[in-house]
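Since the structure comes first, as C-alpha cells, the remarks are kept for the end.
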Amino acid sequence: MTISPIVASSIWRVWGLEASVVVTKPEAIQSARSIIDERLREIDLACSRFRNDSEIRAFENAGGMPVDVSSTLARLIRTALDGAERTDGAVDPTIGTAVVALGYDRDFALIEGRDVPIKTSFVSTPQWTSVRLDGQTVTVPSGIQLDLGATAKALAADECAHAVSMSLDCGVLVCLGGDIATAGPAPDGGWIVLVQDGHDAPADTVAIPGGTSIATSSTRKRRWSQNGRHVHHIVDPRSGTSVDAAWQTVTVGADSCVSANLASTACIVRGFEGARNLLNTGLPARLVDRAGAVRLLNGWPTDDAVGTGRRQP
C-alpha cells in the first residue's frame, strides 16, 4: 500500500517494513518524524520478539508467575486481548509458539527467501483467555509465548498519528506497512491512498477522510519456506499453521487502524466465512481472492463509506 505525496512527507524503513508520514504543514515534517521514531522505539522495546532486552521476553522465564510491566506493554497486551475477544479468537496474541515453530523466530529479513527447518511439532489451542492483565501486572501461563504483531503495528499507527496531530496542530497520515491511520484535518479531497499489494496485484485508489484508517492484511508478503513448503505469518489459532487463505489480500476501512486491522486479519483467518462476517459489520472492504479477482463490500471505495462504515445504497 502506497500513498500519494501531499504537502510534505517522509519515507523510511522500520521493523522490516516501509513507514511513511505525510503532514499538512511542511515545516512540521521533521518534528513529526521525531515524534514517530520515539513512539516506535518505545513500542519495539516493549513487545519485540526479536530483542533480548524487550519486556515481552521476561514472560519466557517467569514460569507462569505474574510480571509487572510498563504502561506501554500493558496497553499493547490489553489491545491484543480486546482484539481476541472482538474476533472470537480469530486474532489471538498467544500464537507466538506456533509462529516460532513455523520458523519466524528472528527478524524477517533473516528468513525471507530461505528454507527454514522445522524445529518442533506444535498443535495450537487458543489460549488468549488464560492470559491475565490486572493494571500493569500480567500473568502468562508457562509454555505460552505472546506475539502482539497483529495489533501492535496498528495501535502504533493510531497512536503516532494522534501524537503528531496533537503536538504539531496539523493533519497527518501515518503508514506502517499496510496499516494507515490519520488524525486532524485532511487535505481537500481527503487523503489519497493507492491500495495495491505488490506491483503485479490489482490496484485501487481511495480517498480517506481525516480521522479514519485503512488496514491491509496479506498472505502475499512475509512468506518463506519450511522444508520445501511455502508458509506465511498469518496463523490460524485453531491449527497453529499458516492460514490456507481463501483471500490473498483483505483491506478494511474503519474509525481506527486497530479496528480495521482486526477486521482484515480475522477475514483472512476465517476465509469465506470472514467475508460474510465483514458484510454484516458494514465496514467497507476490498478482498482479493487467490486468482486475483477483487470483491468490494459495503460501499468500497467511496470516501464516505471508508470514513463511517455505513452501507451505501
Handout entry: Segment D82-E60, extension gain: residue separation times 0.36 nm, minus the distance between their alpha carbons
Key = 5.7 nm
Handout entry: Relative packing of 256-266, 177-187, 29-39, which averages over residues the other C-beta atoms within 10 Å, highest first
Key = 256-266, 177-187, 29-39
Practice task
Go through I95, I214 and list them by solvent-accessible area, largest first, probe radius 1.4 Å.
Solution key: I95, I214
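The values are calculated or read from the model by the stated rules, or taken from the named source; none is laboratory data. Quick caveat: nothing in here was measured; it's all calculated off a predicted structure. Ideal geometry is used to build each Cβ from the backbone, glycine not excepted, and the neighbour counts take in all protein chains shown. We work out accessible area using only protein heavy atoms, side chains counted, and drop any ligands, DNA or RNA first. Shrake-Rupley method; radii C 1.70, N 1.55, O 1.52, S 1.80 Å.
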